[in-house]
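Engineer: Take a look at the following structure, please.
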Amino acid sequence: MQNSAMVPRPIRWAGVSTAVQGAVGLVVALILVIREMGGHHEDFASGYGLALWCALIGLSVLGGGIALIRGKRWGRGIAVVAEILLLPVAYSLLTDSHRPVLGVPLGIWALGTLVALFTAPALEWAAGGGAAPDADDEP
């Protein structure tokens with residue numbers, strides 16, 4: 001098992017950030033289920049279907065964040081993809097939705113997490129010092 005002291009601080013910060021984003025996805029899924037059960041129906045989307053989608057994505061992102069916190073290199077890929085996908089959402093909130101109060105913090109959050117994932121210590125850690133990415137994990 002990897003020594004937790006060897007995991008760089010930016011990776012741990014990115015793990016916490018990514019885990020919080022995954023938890024937000026789970027909260028959104030719960031809200032959608034409650035709304036659907038309360039009788040709110042949309043003509044263009046199923047509340048239960050969207051809730052399932054948000055739960056699956058939220059669980060995946062939460063898992064990637066927890067993996068980073070625990071020093072598992074595979075969580076980095078999930079975190080990078082999640083942050084890259086959040087950037088167009090932030091842009092849409094800034095432009096089409098006219099919600100800069102949401103778009104600006106989301107964009108800063110996603111960019112900050114991406115920066116943490118691509119700092120020199122994070123890249124050195126991700127490279128694994130010549131070992132296979134998860135070679136030091138338990139079977």
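Engineer: Checking the conditions here, which among L56, L50, L32 is free of Cβ contacts under 8 Å to residues at least 12 places away in the same chain, in a helix (DSSP H, G or I) and of a type in the set (A, V, I, L, M)?
Structural biologist: When all the criteria are applied, what remains is L56.
Engineer: Could you say whether any residue in segment 75-98 is surrounded by 14 or more Cβ atoms within 10 Å (Cβ to Cβ), modelled with pLDDT of 95 or more and among the charged types (D, E, K, R)?
Structural biologist: Yes: one or more hits.
Engineer: Scan segment 45-59 and give yes if some residue there is in contact with a Lys or Arg (Cβ under 8 Å, 6 or more places away or on another chain) and either modelled with pLDDT under 90 or surrounded by 15 or more Cβ atoms within 10 Å (Cβ to Cβ) (or both), otherwise no.
Structural biologist: yes
The rows are residues; the columns are (1) touching a residue at least 12 places away in the same chain (Cβ under 8 Å); (2) assigned to a helix (DSSP H, G or I); (3) of a type in the set (S, T, Y).
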{"position": "A82", "(1), (2), (3)": "yes, yes, no"}
{"position": "D96", "(1), (2), (3)": "no, no, no"}
{"position": "G103", "(1), (2), (3)": "yes, yes, no"}
{"position": "A122", "(1), (2), (3)": "yes, yes, no"}
{"position": "A127", "(1), (2), (3)": "no, yes, no"}
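Engineer: What's the number of the condition W109 fails, among (1) without any contact (Cβ under 8 Å) to a residue 12 or more places away in the chain; (2) open to solvent by 50 Å² or more (accessible area, probe 1.4 Å)?
Structural biologist: Of the numbered conditions (1) without any contact (Cβ under 8 Å) to a residue 12 or more places away in the chain; (2) open to solvent by 50 Å² or more (accessible area, probe 1.4 Å), the odd one out for W109 is (1).
Engineer: So which of A122, A51, A45 ends up being of a type outside the set (S, T, Y) and within 17 Å of W13 (Cα to Cα)?
Structural biologist: Only one candidate passes the filter, namely A122.
The values are calculated or read from the model by the stated rules, or taken from the named source; none is laboratory data. What you see is a predicted model; the values in this text were computed from it and never measured. Cβ atoms come from the backbone with ideal geometry, glycine included; neighbour counts cover every protein chain shown. Side chains included, ligands, DNA and RNA excluded: accessible areas come from the protein's heavy atoms. Shrake-Rupley method; radii C 1.70, N 1.55, O 1.52, S 1.80 Å.
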